[in-house]
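The values are calculated or read from the model by the stated rules, or taken from the named source; none is laboratory data. All figures in this text were calculated on a predicted structure; none of them were measured in a lab. Methodologically, a virtual Cβ is constructed for each residue, glycine included, from the backbone with ideal geometry; neighbour enumeration extends over all protein chains shown. Just the protein is used for accessible areas: all its heavy atoms, side chains included, with ligands, DNA and RNA removed. Shrake-Rupley method; radii C 1.70, N 1.55, O 1.52, S 1.80 Å.
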Amino acid sequence: NEAILQPVGKESVTVKLEDKNSCSRYLAVKINKVKMMESPRWLKERLVAVGARPINALVDITNYVMLESGQPLHAFDANGIKKISVRLSKAGESLETLDGKERLLPESSIIITDGSEPLAIAGIMGGLKSAINDQTTSIILEAATFDAVAVRRASQRLNLRTEASIRFEKTL
């Protein structure tokens, strides 16, 4: 249940699935030398047309792919991330999400961690600590299959519904 992504230069990222029942598939690729830029007009217009807010080219393309294919993607700023682990949350764990809110994670929610600290609530929302920002030069791009019931349960407990959670909870 552990895989090492192909190293780029001297770097590699280990991916570990600690609970196959909550995450049956987790694909990730590390992409170096990314450049932060504004999305082209056509992409921004398409996102706005379906009610999405354009942010930057890296985030916008993940949203576009989700809207076109039904498969949510997530991009982490890879700075400092040497390991990705998918596991169930423990009592008392929390995460500051992309919307700037500190959230106490419901016990046994699926989370993505850096081996110890939460980086994202799987299938719902990423964390601010690993968010794409103006200094991002390397990303880890994720595509996964998370348990629909677990995503819906966590989404309800957190009172947090997102475009990704809507898709994951329906097993699209």
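Quick notes on this one:
- Glu2 being at pLDDT 90 or above and acidic (Asp, Glu): no
- Answer residue from region 76-89, given it is at pLDDT 95 or above and open to solvent by 10 Å² or more (accessible area, probe 1.4 Å) and is nearest to Ile139 (Cα to Cα) among those: Asp77
- Output for region 46-63, where each listed residue is part of a helix (DSSP H, G or I) and either open to solvent by 40 Å² or more (accessible area, probe 1.4 Å) or more than 22 Å from Lys33 (Cα to Cα) (or both): Arg46, Leu47, Val48, Ala49, Ile61, Asn63
- From the list Val29, Val34, the lone residue that is out of contact with any helix residue (DSSP H, G or I) (no Cβ under 8 Å at 6 or more places or on another chain) and at pLDDT below 95 is Val29.
- Qualifying residue in region 129-150 (condition: of a type in the set (S, T, N, Q) and buried (at least 22 other Cβ atoms within 10 Å of the Cβ)): yes
- Residue match in region 154-165 (condition: touching a Cys at 6+ places or on another chain (Cβ under 7 Å), within 20 Å of Ile61 (Cβ to Cβ) and open to solvent by less than 40 Å² (accessible area, probe 1.4 Å)): no
- When residues of region 123-139 are limited to those that are assigned to a strand (DSSP E or B) and modelled with pLDDT under 95, the one nearest to Ala75 (Cα to Cα): Ile139
- Qualifying residue in region 78-86 (condition: of a type in the set (Val, Ile, Thr), over 23 Å from Arg157 (Cα atoms) and out of contact with any strand residue (DSSP E or B) (no Cβ under 8 Å at 6 or more places or on another chain)): no
- Take the conditions (1) on the phi < 0 side of the Ramachandran plot; (2) surrounded by fewer than 18 Cβ atoms within 10 Å (Cβ to Cβ); Gly70 misses just one of them, which is (1).
- If the condition is being of a type outside the set (Lys, Arg), under 22 Å from Thr14 (Cα atoms) and in contact (Cβ under 8 Å) with a residue 60 or more places away in the chain, then region 74-101 contributes His74, Ala75, Phe76, Asp77, Ala78, Ile81, Ile84, Ser85, Val86, Leu88.
- Residue within region 104-115 that is touching a residue at least 24 places away in the same chain (Cβ under 8 Å), open to solvent by 60 Å² or more (accessible area, probe 1.4 Å) and closer than 18 Å to Ile166 by Cβ present: no
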